[in-house]
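Encoded as structure tokens, the structure appears first; notes follow it.
The values are calculated or read from the model by the stated rules, or taken from the named source; none is laboratory data. It should be emphasised that the depicted structure is a prediction, and the values quoted were computed from it without experimental measurement. Cβ: placed from backbone, ideal geometry, glycine included. Neighbour counts: every protein chain shown.
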Amino acid sequence: MSLFEEIENYVPFNEQEEQDRAVMLRYMQNCPDYLERDNQIGHFTASLWTVNRERTKTLMVYHKIYDSWAWIGGHADGDEDLRAVALRELEEETGVKRASFVSDDIFSLEILTVDGHVKRGSYVPSHLHLNVTYLVEADENEPLTVNEAENRAVRWWTFDEALKASTEPWFVEHIYKKLIEKCKACPPVR
């Protein structure tokens, strides 16, 4: 199934996802370079809401550009297999090599604004991340490493701690709380 079909078949959780899903589908129909970072208006990214097996904690990185604790993810860079993109980012950003998808289905959709910033000495203009999130479980005892090019720290947080640790109010209110609510709705298989 193509990414377009997956997003088209996705059942939105709330109005934010419903609206963002509609925009994503229109964007994909009108911008053939929607997977490419060179599209400076917006491009697809993939994120993971990484939880422990008990689904009581989430793994986050302290992101240098956003100066905040954040979930894990990255750019598609031409790859339509966003699950593979997300798993690569998990290993690159945290050192976690073993994680399993709770489901093959998309867990969440969101369009995220990115402020202009300097990366590797070049200015990156403000743009949109059309983001697809997947839910994965990982072993919280697996050794963690920091990708110093992008992050300052990696840590497991309880859900309540994660909400307090992030300094991005919009993410806390509209994304992280939603992900936690959705996660609690699909309890771990025992």
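Restricting to the stretch 98-114, name every residue that is hydroxyl-bearing (S, T, Y) and surrounded by fewer than 13 Cβ atoms within 10 Å (Cβ to Cβ).
Quick first cut of the stretch 98-114, residues hydroxyl-bearing (S, T, Y) only: 100, 103, 108, 113.
S100, S103, T113 - these are the residues of the stretch 98-114 that are hydroxyl-bearing (S, T, Y) and surrounded by fewer than 13 Cβ atoms within 10 Å (Cβ to Cβ).
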Task: Residues of the stretch 144-161 satisfying the condition of being exposed (fewer than 13 other Cβ atoms within 10 Å of the Cβ) and among the hydrophobic types (A, V, I, L, M, F, W, C) - done: A149, A153
Open item on the list: Looking only at the stretch 126-177, how many residues end up being within 24 Å of H43 (Cα to Cα), of a type in the set (F, W, Y) and in contact with a strand residue (DSSP E or B) (Cβ under 6 Å, 6 or more places away or on another chain)?
Closed with: 1
Open item on the list: Looking at the stretch 60-84 only, could you name the residues that are of a type in the set (V, I, T) and within 17 Å of T50 (Cα to Cα)?
Closed with: V61, I72
Task: Residue among D67, D38, D20 that is of a type in the set (D, E, K, R), surrounded by fewer than 15 Cβ atoms within 10 Å (Cβ to Cβ) and within 19 Å of the chain's Cα centre (by Cα) - done: D67
Task: Tally of residues being surrounded by 16 or more Cβ atoms within 10 Å (Cβ to Cβ) and farther than 27 Å from P12 by Cβ across the stretch 162-183 - done: 1
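Among the residues in the stretch 115-123, are any among the hydroxyl-bearing types (S, T, Y), surrounded by fewer than 20 Cβ atoms within 10 Å (Cβ to Cβ), more than 21 Å from E142 (Cα to Cα) and free of Cβ contacts under 8 Å to residues at least 12 places away in the same chain?
So in the stretch 115-123, the residues among the hydroxyl-bearing types (S, T, Y) come out as 122-123.
The next check asks that each one be surrounded by fewer than 20 Cβ atoms within 10 Å (Cβ to Cβ); those that pass are 122-123.
This time we only want the ones that are more than 21 Å from E142 (Cα to Cα), so: 122-123.
Right, trim to free of Cβ contacts under 8 Å to residues at least 12 places away in the same chain and you get 122-123.
Yes, there is a match, as at least one residue in the stretch 115-123 is among the hydroxyl-bearing types (S, T, Y), surrounded by fewer than 20 Cβ atoms within 10 Å (Cβ to Cβ), more than 21 Å from E142 (Cα to Cα) and free of Cβ contacts under 8 Å to residues at least 12 places away in the same chain.
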Open item on the list: Every residue in the stretch 124-137 that is buried (at least 19 other Cβ atoms within 10 Å of the Cβ) and of a type in the set (V, I, T), please.
Closed with: V132, T133, V136
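Checking the conditions here, which among L144, L179, L163 is assigned to a helix (DSSP H, G or I), touching a helix residue (DSSP H, G or I) at 6+ places or on another chain (Cβ under 6 Å), at pLDDT 95 or above and among the hydrophobic types (A, V, I, L, M, F, W, C)?
Among L144, L179, L163, only L163 is assigned to a helix (DSSP H, G or I), touching a helix residue (DSSP H, G or I) at 6+ places or on another chain (Cβ under 6 Å), at pLDDT 95 or above and among the hydrophobic types (A, V, I, L, M, F, W, C).
Sort out for me the strands (runs of 3 or more DSSP E) sitting completely within the stretch 1-112 that have 3 or more residues that are of a type in the set (K, R) and under 20 Å from V136 (Cβ atoms). Walk me through how you get there before you give the answer.
Numbers: elements: 42-51, 57-63, 68-70, 72-75, 99-101.
Correct list: empty, since no element meets the threshold.
Those residues that are within 28 Å of R21 (Cβ to Cβ) and of a type in the set (S, T, N, Q), I need them from the stretch 114-133; list them, please.
Pass one, the stretch 114-133, residues within 28 Å of R21 (Cβ to Cβ): 114-117, 124-133.
Selection gives S126, N131, T133.
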- [ ] Could you list all residues from the stretch 1-17 that are loosely packed, with under 14 Cβ neighbours inside 10 Å and of a type outside the set (S, T, Y)?
- [x] M1, E5, E8, N9, V11, N14, E15
